[in-house]
Amino acid sequence: MLDRGRAVGGRLGAGLMRRTIAVLAGKATRTLSRASGRGGGTTFPGDVARAIDPDVLRRLAGDLRQGAVLVTGTNGKTTTARLIASLLEGLPSRVVANRTGSNLIYGATAAAVADADLDGRLRADWGVFEIDEATLPTAVDEIRPRVVLVGNLFRDQLDRYGELESLARRIHAALDRLSQSGTAVLNADDPRVGEIGLALASPPLWYGLDDPRVALPELPHAADARTCPRCGASLEFTTVYLGHDGVYACPNRDFGRPTPDIAGTEIELEGLEWVRLTAAGVRLELPLGGVYNAYNLLAAFAVGSVLGLRPDYVAERLRTVSAAFGRQERFELQGRRLTIMLAKNPTGFNENLREAERVNGRHLLIALNDRVADGRDVSWIWDVDFELLARRAEVVVPAGVRAHDMALRLKYAEVPATAPQPDLERALERLLELTPPGTDAYVLCTYTAMLDLRALLVRRGWLRPYWAT
Ligand SMILES: [Zn+2]
């Protein structure tokens, strides 16, 4: 009896020691990578900690007093996760989150390690983790979340994931493994998410928009989920809000959009400044523009309602949040107002182009990179409706590693453009030259182009590094 007790105690002690060493090593790695100026050190500490203790994230997540929320989907993860974290922080409570967009399991591990104490314990109430779709099964197993939010599934970084179908299967498997206490919160307006949710053993909470006034006139090019998962017929959309998200049904009546438990109605869009909508009888507003932010806002509200947050508290709190890192940022630069928008795929690009048109954007820079995090294959630019720019834009500066491809695409779209400028610094200077003082300029960029741009702005003293804020 005594021996068994000692053996168990010894095992526990070894586990804690291993986790403590993993946490300390991760923290040391973070300090070193910052000191050497190699960026925020957002995932490498996670690699190191996991190499020492593969269970380090499982153990740290087990320390969370209230539990964790995972946020996944192609677009809007960062903003939505930021909103949810902000709701929980205001309670008040202590929240651990991977805030810098490093959404693989290493990024989540790095965030938990960074917030853990030197004894290897994580003393926090909540974890809010933005998780890459392909990483969801691992994250559900290790973090055992209370809520998993799936926002949308668009074609994204095809060379990384292959087909959307296999991705959908992985997400389905992950949601099926959510424990009895876990709830899936799903976007009813996305046919692929709808298909996953309708096949789950325990019913999810559905949210969706319900206001045809903000719908698109037609399904854009980038829509990529138009067929019924049951019979293969083309889905009929009565309303399209964004990409392939809207109100859909199979003409053979074997599949259709689930009725949202939480519907966003009376949607008001005020350029890039505000979005307002009503949900569960409460008026919600967010200081971020665009239909995609109506989805992000509604998703955060839905998660809040599952976690038992009062609707009036959520409304009050959301009013005061600021944009998540990197997805949409505005600031003054040499007397011009610069808005930077990130797009990782055709749907994101189309949304940003639509916003640029809505706010009458005349001077733009489009930076296209093809590094691994962007997806090496840039042929998707032919799926994007750059033709939208032909109506309003006075000039567009094609920039980034693939500036020449971008220039060719703009030429076919009959959009007025400068010569391609692969050098981002020169491209930005050109944009500022062309933009009259006191007016707006817009920068649309892929993920690594955004990182390059931020590094450039920091180097020129226009921005503080994000890991110093
Ligand atoms: Zn069908």
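The values are calculated or read from the model by the stated rules, or taken from the named source; none is laboratory data. Note that the structure is a prediction, hence the values are computed from the model and not measured. We place every Cβ from the backbone using ideal geometry, glycine too, and count neighbours over all the protein chains shown.
What about Ala51, is it surrounded by fewer than 17 Cβ atoms within 10 Å (Cβ to Cβ), at pLDDT 85 or above and either outside any loop (DSSP other than H, G, I, E, B) or not assigned by TED's automatic domain parsing to the domain that holds Tyr106 (or both)? Answer is yes for this residue. Would you confirm whether or not region 445-457 contains a residue that is within 27 Å of Asp190 (Cα to Cα), of a type in the set (Phe, Trp, Tyr), outside the structural domain of Gly76 (by TED's automatic domain parsing) and modelled with pLDDT under 85? Yes, region 445-457 contains at least one residue that is within 27 Å of Asp190 (Cα to Cα), of a type in the set (Phe, Trp, Tyr), outside the structural domain of Gly76 (by TED's automatic domain parsing) and modelled with pLDDT under 85. For region 243-256, the candidate set comprises residues that are touching a residue at least 24 places away in the same chain (Cβ under 8 Å) and within 7 Å of the ligand (Cβ to nearest atom); within that set, the residue that is farthest from the chain's Cα centre (by Cα) is Asn252.
Take the conditions more than 16 Å from the ligand (Cβ to nearest atom) and more than 23 Å from Ser305 (Cα to Cα) and apply them to Leu235. Does it pass?
So Leu235 fails the test.
Against the test of being modelled with pLDDT of 95 or more, in the same structural domain as Thr74 (by TED's automatic domain parsing) and surrounded by 20 or more Cβ atoms within 10 Å (Cβ to Cβ), the options Val128, Val113 yield a single qualifying residue, Val128. Is at least one residue of region 272-285 crowded, with 18+ Cβ neighbours inside 10 Å, modelled with pLDDT of 95 or more and over 21 Å from Arg82 (Cα atoms)? No, region 272-285 contains no residue that is crowded, with 18+ Cβ neighbours inside 10 Å, modelled with pLDDT of 95 or more and over 21 Å from Arg82 (Cα atoms). Every test in (1) at pLDDT 90 or above; (2) away from the ligand (no atom under 16 Å from the Cβ); (3) farther than 18 Å from Tyr295 by Cα is passed by Tyr207 save one, and that test is (3).
When the criteria are applied in full, Leu410 fails the requirement of being over 23 Å from the mean Cα position of the chain (by Cα), closer than 24 Å to Asp245 by Cβ, buried (at least 16 other Cβ atoms within 10 Å of the Cβ) and among the hydrophobic types (A, V, I, L, M, F, W, C).
Remark: pairs (first residue in region 229-242, in the same structural domain as Gly348 (by TED's automatic domain parsing) and at positive phi; second residue within 8 Å of the ligand (Cβ to nearest atom) and in a loop (DSSP other than H, G, I, E, B); Cβ separation under 9 Å; 6+ apart in sequence or on different chains) are absent.
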